[in-house]
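Here's the structure we're looking at; comments come further down.
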Amino acid sequence: MIRIALCSAKGSPGVTTLACALGAVWPGDRTVVVAECDPAGGDLAVRFGLTSRLGTTSLLLSNRHGTSGTEDLQKHVQVLDGGLGVLAGPISAEAANSLDYELREIVEALSECQLEILADCGRLSSTAQGQIELIKAAHSVLLVSKGDVASLSHA
């Protein structure tokens, strides 16, 4: 289930960092995964030295072959030092934007699983239909902003 979708209205106020921080302090009796679904491209693989072969793209390809559910999702999750599971998104904006068109399938796969998902949606985009679907499916949406007047006015 998609518990929280995190996004920003402008700039880079730390959505990915906040998603990872929330995941790191999530209650220990519940399993949480940070899913990187930013249509502008992801940072997790580069930031933490993860393989780009596992994550949202590999999950989407797996779903095309008819597999889904929590067990299948776990095959695409990488674990950071400290134990936080992450579903890394594509690094390039072009690949991430292409994936956005099929994000509905990932939303369905994430909604079916028994894990709690923190979805890093990055900067809001009115043209990213998959991002919009993911935000609609979330229980809560957290809009992250820098503290200056200009950033807050966009929020």
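Failed condition for residue 104, given (1) over 14 Å from the mean Cα position of the chain (by Cα); (2) more than 24 Å from residue 24 (Cα to Cα); (3) open to solvent by 60 Å² or more (accessible area, probe 1.4 Å), with all others met?
(1)
Only residues that are of a type in the set (A, V, I, L, M, F, W, C), assigned to a loop (DSSP other than H, G, I, E, B) and at pLDDT below 95: list them for segment 65-83, please.
If the condition is that a residue be of a type in the set (A, V, I, L, M, F, W, C), assigned to a loop (DSSP other than H, G, I, E, B) and at pLDDT below 95, then 77 is the only one that fits.
Looking at segment 3-22, can you tell me whether even one residue there is outside any helix (DSSP H, G or I), closer than 15 Å to residue 138 by Cβ and of a type in the set (D, E, K, R)?
yes
Kindly check whether there is at least one residue in segment 103-120 that is in contact (Cβ under 8 Å) with a residue 40 or more places away in the chain, of a type in the set (D, E, K, R), closer than 17 Å to residue 22 by Cβ and touching a helix residue (DSSP H, G or I) at 6+ places or on another chain (Cβ under 8 Å).
yes
When you look at residue 120, is it open to solvent by less than 20 Å² (accessible area, probe 1.4 Å) and modelled with pLDDT of 90 or more, yes or no?
On the way: open to solvent by less than 20 Å² (accessible area, probe 1.4 Å): yes; modelled with pLDDT of 90 or more: yes.
Spelling it out, residue 120 is indeed open to solvent by less than 20 Å² (accessible area, probe 1.4 Å) and modelled with pLDDT of 90 or more.
Do you know which residues across segment 10-53 are hydroxyl-bearing (Ser, Thr, Tyr) and either surrounded by 14 or more Cβ atoms within 10 Å (Cβ to Cβ) or touching a residue at least 60 places away in the same chain (Cβ under 8 Å) (or both)?
Initially, segment 10-53 is screened for residues hydroxyl-bearing (Ser, Thr, Tyr), giving 12, 16-17, 31, 51-52.
If the condition is that a residue be hydroxyl-bearing (Ser, Thr, Tyr) and either surrounded by 14 or more Cβ atoms within 10 Å (Cβ to Cβ) or touching a residue at least 60 places away in the same chain (Cβ under 8 Å) (or both), then 12, 16, 17, 31, 52 are the ones that fit.
Looking at (1) in contact (Cβ under 8 Å) with a residue 40 or more places away in the chain; (2) of a type outside the set (D, E, K, R); (3) in contact with a helix residue (DSSP H, G or I) (Cβ under 8 Å, 6 or more places away or on another chain), which is the one condition that is false for residue 139?
That leaves (3) as the condition not met.
Test of understanding: among 91, 4, which residue is aliphatic (A, V, I, L, M) and more than 16 Å from residue 144 (Cα to Cα)?
Result of the check over 91, 4: 91.
What is the one condition in (1) farther than 19 Å from residue 14 by Cα; (2) surrounded by 13 or more Cβ atoms within 10 Å (Cβ to Cβ); (3) not β-branched (Val, Ile, Thr) that residue 75 does not satisfy?
(2)
The values are calculated or read from the model by the stated rules, or taken from the named source; none is laboratory data. Everything numeric here is computed off the predicted structure, so don't read it as measured data. Note that we place each Cβ from the backbone using ideal geometry, even for glycine, and neighbour counts take in every protein chain shown. All accessible areas refer to the heavy atoms of the entire protein, side chains included, with ligands and DNA or RNA removed. Shrake-Rupley method; radii C 1.70, N 1.55, O 1.52, S 1.80 Å.
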